[in-house]
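Okay, so here's the structure we're looking at.
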Amino acid sequence: MRLLFVDRLASQITLLILIAIVCFQTIVLVTFHLLDVEGRRHIVDQTDFVASIVLALDAAPVSDRGNLLSGFSHAVPFASIHLRSERPKAVELEDREFISEIRRVRSDLWPDADIFAAAAPGDDAPGVMAVALRKGGYALISIFQHRKPPRSVWRWLWQPEPGTPFLLTPWALSAILFFICTTVLVLWASNAIIAPLVNLARHAEQFPGEAGGLAPLPERGAHEVRELTRSINRMQERIRSMIAARTRALAAVSHDLKTIITRLNLRMEFVAPGELREKMLRDINLMDAMLRKNLQYLRAESDRSDYSLIDLDSVLQTVTDQFCDIGHEVVYHGGGRQMVMGSMTDLQRIFSNLVENATHHASRIEIAISEATPKNLHVDVIDNGPGMPPEQKAAAFEPFVRGQPGRTIDNHSGFGLGLSIVRSLVERHGGSVELLDAEPHGLIARVTLPRASGPVGSGVFE
């Protein structure tokens, strides 16, 4: 587009409309002139044709008149010409237009030319002119156009020849050609003008750090679209830099605090055993657990260098065994090789956090895997706890939001980061997570992950 000096969006739209109008008018005019044979051949008035035919017949030798009639039948197909030796019967005329034509033809012939309206040879040839030739004989000329009024564009479109199929009528052909031309132009507009806007809107919805939102959007399209794309790319780069700076700052603070906690643990060894020492150790352990969760949350936004093909069934079985070993009732319903692309460590953290969160509120947890669609898998972590009110489900994934907002942090409560870590990790894997109600009571944490290949048992990974 820039090579044509049409770089602005308004100029492209204007050019598109102009091209559509020009193409439509061209199609109509070309089609009309190709199909309307009479309209193309009647370049001069028909009385000039009649006068020219009569003059040619009058000037030619009598023996050559037959050859002239044969030539006229090909050159002037809309005229019927006959020769008679005897004078035809004259008729009275009521058609003023035909009388006027006879007068105009007489004015183009020799002086005192004998021209009159004669009886037609057949009923299908009205409007016959008879002219007495100076070398003998009479020429009877009839123009077929006298059978109906001159054709107009309106009659050409709406009154085709009888027996013509509808799809072959001039109106239908013109509409089909116009539809094809318009469709091509619309497709071009969609790809050249609209597509960059659609890609820009989709890219603008992605937050830096989400799946598929890391690479800048290519700058293409109209000048305004390129400028907007450049601005959004710069904005997302600034957001990405702010996120990285925040992550580094929080990680540094958490690391420094862990160093302080380690020193506190060492100094607690010199405190005499007792109730005060136990409370201080418990507080230090809570602080250590909180910092560990913070570091996990921050690491959830790391790179994807450790992504590989993972057997999700083995990951879920491993998580189940880990919690069963420490005394929790966790049951896994699965089987088969369900392959996903991701990080083994991240996938274990996703389902470990979900099961750990469920153990705080339920006595029995079930993990079930199923095929949602040929391209997606559902993993449900189901507990028999009290569940969660609907208004709290959406907020439960926000950082530092706990299921019971007013409760005090202790060894049996979380820090409000478990579900936030889960959502961040799942979205990095191109999936989603949601909370549903279980029957008759309890909560279902459903994780949807994209499959790495076709259906189970297809043999792709075997």
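The values are calculated or read from the model by the stated rules, or taken from the named source; none is laboratory data. Note that the coordinates shown come from a computational prediction; the quantities given were computed from them, not determined experimentally. Positions of Cβ are generated from backbone atoms using ideal geometry, with glycine treated the same way; all protein chains shown enter the neighbour counts.
Results, tabulated for the structure shown:
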quantity	calculated
Single match in Pro160, Pro208, Pro170 (criterion: under 30 Å from Leu425 (Cα atoms), surrounded by 15 or more Cβ atoms within 10 Å (Cβ to Cβ) and at pLDDT below 75)	Pro208
Residue satisfying all of: in region 281-303; in contact with a Leu (Cβ under 8 Å, 6 or more places away or on another chain) and among the aliphatic types (A, V, I, L, M); modelled with the lowest pLDDT among these	Ala300
All strands (runs of 3 or more DSSP E) inside region 326-394 with 2 or more residues being closer than 17 Å to Leu309 by Cα	339-342, 376-383
Out of Pro389, Pro405, sole residue that is in the same structural domain as Gly334 (by TED's automatic domain parsing), at pLDDT below 80 and surrounded by fewer than 21 Cβ atoms within 10 Å (Cβ to Cβ)	Pro405
Filter result for Asp306 (modelled with pLDDT of 75 or more and either out of contact with any helix residue (DSSP H, G or I) (no Cβ under 8 Å at 6 or more places or on another chain) or not aromatic (Phe, Trp, Tyr) (or both))	no
Residue tally, condition more than 60 Å from the chain's Cα centre (by Cα) and either under 30 Å from Glu205 (Cα atoms) or of a type in the set (S, T, N, Q) (or both), over region 239-285	1
Filtered residue count, region 69-89, keeping only those that are surrounded by 11 or more Cβ atoms within 10 Å (Cβ to Cβ) and either in contact with a strand residue (DSSP E or B) (Cβ under 8 Å, 6 or more places away or on another chain) or modelled with pLDDT of 85 or more (or both)	12
Inter-residue pairs, beta-carbon under 7 Å, first in the same structural domain as Ala189 (by TED's automatic domain parsing) and in region 1-22, second of a type in the set (Phe, Trp, Tyr) and modelled with pLDDT of 70 or more, 6+ apart	none
The listed residue being within 26 Å of Cys324 (Cβ to Cβ) and modelled with pLDDT under 80, out of Ser413, Ser458	Ser413
